[in-house]
Structures are given as structure tokens and as C-alpha cells.
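Here is the structure we will look at, set down as C-alpha cells.
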Amino acid sequence: MHARLTARSVPERLATGAFIFHAGYLKWRGTPEQATGVHGAASGAFPMLTVVPAPIFLKLLAAGEMATGSILLAPFVPDRVAGGVLSLFSGALLAMYWRTPTMRKAGSIWPTPAGNAVSKDVWMLGIGASLLID
């Protein structure tokens, strides 16, 4: 078992971690309109989230993204741990993609224009799996 960051994983962890952390940082400073939109998309896929107020949901999502990004960027976090966290994070995003019919073409896995932003997260799942397998 790898108990450290490997040189081979540095580019994928750096690029993915920085991207996710930045997305969380922007959400942390998000507007009420952004909170409503993000909350609406998430609660449409996961109805149990309707009980969480939109501004609180956005803060929690932002914190989760910044934590995920930080784990990927931290050199003392083993690749397998970083890969597990990234796989869970991207898996949740892809579950939202799969559960939201307007994000996919009818009867297909391929995205509509509305689903493009989330469908690309399949790459993050691939990176997470790669970190787990190595």
C-alpha cells in the first residue's frame, strides 16, 4: 500500500485539487441566486436536501469542495486516500447527473447542453479510480 504521494500522481492531484478547491471558494462567496440555483439542482436529484435552506446548502457544498481540493493538494495525504475522496465526490456529482433527466439526452448517457458541466466530472471519477488502483 502506498503511504505517500507518488511523483506520477502529482500532476493529476494538483490540477484536480486546485480546480475543485477554487470551485468551492467561489461558491463560499456565492450570491443568494447562486445558492437557489445550485440547491434546486441538487434537491431535484436528492429530494432529502429540500429541508436544507439554500444558503446553508451552498456553504456546506463549498466547504466540501474546499476540503476535497485540500486533500488532493496535501502532499502528506496518501494517493489512495485522495483517490477515495475524489471518487466519492465525483460519484455524487455523477449521481446527480444521472438522476436529472434534463441533463441527458432521452434514453442516453450523453449530455444535453444543460448537462455538459456535470457530465465532464466523469474524468474526475477516472482520476480518483487511478489514484486508488495505483
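Values in this text are rule-based calculations from the coordinates and carry no lab data. Quick caveat, the model's predicted, so the values are computed rather than measured. Cβ atoms come from the backbone with ideal geometry, glycine included; neighbour counts cover every protein chain shown.
Relative to the 2.2 N^0.38 Å rule of thumb, region 1-106 has a C-alpha radius of gyration ratio of 1.18. Taking packing as the residue-averaged number of other Cβ atoms within 10 angstrom, the listed peptides 80-93, 53-66, 103-116 run from highest to lowest as 80-93, 53-66, 103-116. Cα centroids of region 109-134 and region 1-74: 15 Å apart. Per-residue Karplus couplings for region 96-108, computed as 6.51 cos²θ - 1.76 cosθ + 1.60 with θ equal to phi - 60°, are listed in order as 4, 4, 5, 7, 10, x, 6, 8, 10, 5, 3, x, 9 Hz, Gly and Pro entered as x. For residue 105, the lysines whose Cα falls under 20 Å of its own Cα, not counting residues fewer than eight places away in the same chain, are 120. In this structure, the amide hydrogen of residue 104, modeled 1.01 Å from its nitrogen in the peptide plane, lies closer than 5 angstrom to those of 112, counting only residues at least 5 positions away or on a different chain. Calculated [222 nm] ellipticity per residue, helices only, for the chain: -22000 deg cm²/dmol; basis is -39500 (n - 2.57) per DSSP H run with n ≥ 4, divided by all residues, nearest 500. Taking Cα centre as origin and charging only the Cβ of basic (Lys, Arg, +1) and acidic (Asp, Glu, -1) residues, the dipole magnitude of region 7-133 rounds to 120 debye.
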